[in-house]
Every structure is written in C-alpha cells, then in structure tokens.
Amino acid sequence: MSDSVMHRDANGDTPKYVAPELSYLLDRIVNVCFIGAPGAADRGWTLIDCGLPGSASRIRRAAARLFGEESRPAAIVLTHGHFDHIGAVHTLAHEWDVPVYAHELELPYLTGQSSYPPPDPLVGGGAMSLMSVLFPKRPIDLGRHAHELPADGSVPGAPGWRWIPTPGHSPGHISLLRDSDRTVVAGDAFTTTKQESLIAALTQRAEIHGPPMYFTPDWDRARASLKHLADYAPTAAITGHGPPLRGERLQDGLRYLSTHFDVAARPAHGRYRDHAAITDGSGVVDVPPPQVSTRTVLLAGLAIGAAIAVASSIGRRDEDEERRADEIARLSSTASDDDAHDAADGNGAGARAGDVSLLAQTLNESVSEIDAR
Ligand SMILES: [Zn+2]
Ligand SMILES: [Zn+2]
C-alpha cells in the first residue's frame, strides 16, 4: 500500500505507528501525535498538537485505544499554535487537567496577547492558500494551562526526546527529536504533502515540501530550521501535514529541499518572500504591507467561492471570520460565472474590471482587517 493510502487510513479512530512509541492520528488535514509505550500508565504519555476544532472526542478515543480507557497524558506539547494544531487544546487541557507546553515565543498567541501575522493567500498557487484568509488567526487564551517548555530541552512526559527551536513557519515553532533512532516530529517546519493545494491536502499525497507557504512569515528562519533538520538526517519523520516518511526517501528529500530551499520552498513572490514579519516575546511587532495584483485577485475570486464550503467544514470559530466568509461568498457568487469563461479563454484578466476591482477591494479589506490587531 502506498504511504498516502495507509496514511488516509489513520483518519479513523485507530492511530498508526510512525516508530516505536510514536503514533499519530490524521485529523482530516492535520496530524496529531502520541508519544508513549502501549498501555502507558495514567500521566505516562504525551500528546503532540491537538488537530482542528471538533477533534477532541476522536483524540480521546485514540488515546484510550493506545494507553487505556482512563489514561491521561502527562503533558500536551504544541509544535506551534496555528488553528489547525490547537483545535481541541482547550477542551482536552481542561478535561484532562493537563499542562500545555510551547516555546516562549509562541506563548503570546496562546495566552491572548497577539494575533499571528496575517496569512499571504496569494502564494503557493492552491485553493488552501486562498482559503487561508478565512482561517482563524486570533489568539486563544489557555490561561493557567499554558507553560513554557523546559529550558534544558527535555520534553515533559517523554523521556528520550528533546525539543529544538525550528522557527520561521511561526515565531516559536519547535520540532521534537529522539536521538536513539533519529526520529523526528517536525510540526510544520516541513510537510510531506503539498499543503497549499486543496486536492493534495485532502488526498494527503506524499511529497516533501517546505512549510505551508500561506502561513509562513519568515523564510530565512524557515530555511535555517529546515537545514538543521536535514543535517540531522532523520530515519523517520512525521510532520503536521502528510504521511510519515522514512529512510532514504526522507533524507534525500530533505537534503534536496535544504540545498534548493529558495526555489523549492520559498514562494516566488508574496508579502513575506523578502521581508519577514517582526515578532518578539509579546507577539507581532510589524508586518510588511500586503501585495495584491489584479490578476491574482481575479484567480482568487474564481477559486474562493468553491473554497468557502471546505473552509467551513475545516472550521471557523469567531463571528468576524464568519462574516468575512459570507461577504466573500456573496461577492464571488456574483462574479464567478462569467469570470470562469473568461479564464478558460485565457483572456480573463481585466475582462470584467468591475468585478475584479470589487474582489480586489474585498480581498484588501480582508487583509487589512486581518492586519488590525
Ligand atoms: Zn502551521
Ligand atoms: Zn499546520
């Protein structure tokens, strides 16, 4: 069976093994990992990341299968705090009464202090990128459950593992390493499916890629982090998106991506390509201005209507996000039919200037609304 087919299987309630004492569950488009021996005692294992909103009961059922009905983790560790990795964290932290650990530079987004830098929907060329304007980016507040990862590099509840900073995709992004067999939990420092493409994200086709383009605001740091992981030459890796990979395929893929990072991973254009978002211990300090061209906005308008339905199934939480989605859906439904013909004829750009400027305005408003922190 191919990696992707076996991986989609992990979308049930039964976790799949990546390596001994490391298993994972695929939650629609994102992976949730479990570190611990089968049947580990109560407080004897660690959960890495928490999926999309609505995944708490699946994660609980998977944990019960792995570790026993009443078994609670010692800790939840977050590779980073993007919405697709923290969906169930509130519910699980509360129900299990368990600490949630993240890097200190990620804590502003987990303790209500700062929104993430706005996504760049116009990089990567896929519907997932376009949909990223609809993704929640407001901070959550874990309150007393939020903790800074231990400074000595240890991973709470997971002896034999250590965490390293792998920033770039997010300011306090981390990866987890097990030196005894060079196994890696990489979060979104790299991915093993083309996450910008909705089709690939849903079919989870196996390919090594850089971090998801639309959500990565610092490409120089992302490159250094990827090099660090490539140099480690992992024997097995599970990322936030895509199937686990092993052996030469993984190592060769990482080496290639590391040496060709600026052409293979860094977007060819876009808001953060040459200018990173500036962040510090309090969150976002400054971001480069959005870049919106008429042609890209036309393409965005065509794709975004179809993307709305998927975006809502992936989950939005706050009312502002829903209002923005409704506005864009309304506007794109007035523009999409004729524009589709124009695009098929190859002369779409500029053909319906009124609709295009309306969409451009909407997208700009979305972007500036996201900017308003
Ligand atoms: Zn992410
Ligand atoms: Zn992700």
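Values quoted throughout were computed directly from the atomic coordinates according to the rules given, and no laboratory measurement underlies them. Because the structure is predicted, anything quoted here is derived from the model rather than measured. Quick reminder, even Gly has a Cβ in these numbers, built from the backbone with ideal geometry, and neighbours come from all protein chains shown.
Tabulated results
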quantity	calculated
Ascending count of other beta-carbon atoms within 10 Å, so fewest first, for Val155, Val185	Val155, Val185
Cross-link reach list, lysines versus Lys137, counting only Cα pairs under 17 Å and skipping chain neighbours closer than eight places	none
Those lysines that a straight Cα-Cα span of less than 26 Å connects to Lys227, excepting residues fewer than 8 apart in one chain	Lys194
Two-site FRET efficiency, Asp274 against Leu202, from Cβ-Cβ distance with R₀ of 25 Å, rounded to 0.05	0.20
For the stretch 63-126 versus the stretch 238-269, the gap between their alpha-carbon centres in whole angstrom	24 Å
Prolate/oblate/rounded label for the stretch 162-264 (Cα gyration tensor, a/c 1.5)	rounded
Order by protection proxy (mean Cβ within 10 Å, highest first), peptides 126-138, 91-103, 264-276	126-138, 91-103, 264-276
Per-residue HN-Hα couplings for the stretch 204-221 [Karplus 6.51, -1.76, 1.60; θ = phi - 60°; Hz; x = Gly/Pro]	6, 4, 7, 7, 7, 9, x, x, x, 5, 5, 10, 10, x, 8, 6, 5, 5
Charge sum, other residues only, whose C-beta stays under 13 Å from Ser154's C-beta, Lys/Arg counted +1 and Asp/Glu -1	-1
Per residue, the convex hull volume that the Cα atoms of the stretch 3-264 enclose (Å³)	105 Å³
In nm, spacing of pseudo-spin labels at Asp141 and Ser57 (7 Å Cα→C-beta vector)	2.9 nm
Dipole magnitude of the stretch 1-133 about its Cα centre (Cβ charges: Lys, Arg +1; Asp, Glu -1), debye to nearest 20	260 debye
Shape category assigned to the stretch 32-166 from the gyration tensor of Cα positions, a/c cut at 1.5	prolate
Unit charges on C-beta of K, R, D, E only; dipole of the stretch 205-292, Debye	260 debye
Residue list for the stretch 27-62, given a label point 7 angstrom along the Cα-to-Cβ vector of Thr235 and an amide N cut-off under 18 Å	36-37
Check: the stretch 3-264 dipole with +1 on Lys, Arg Cβ and -1 on Asp, Glu Cβ, in debye	360 debye
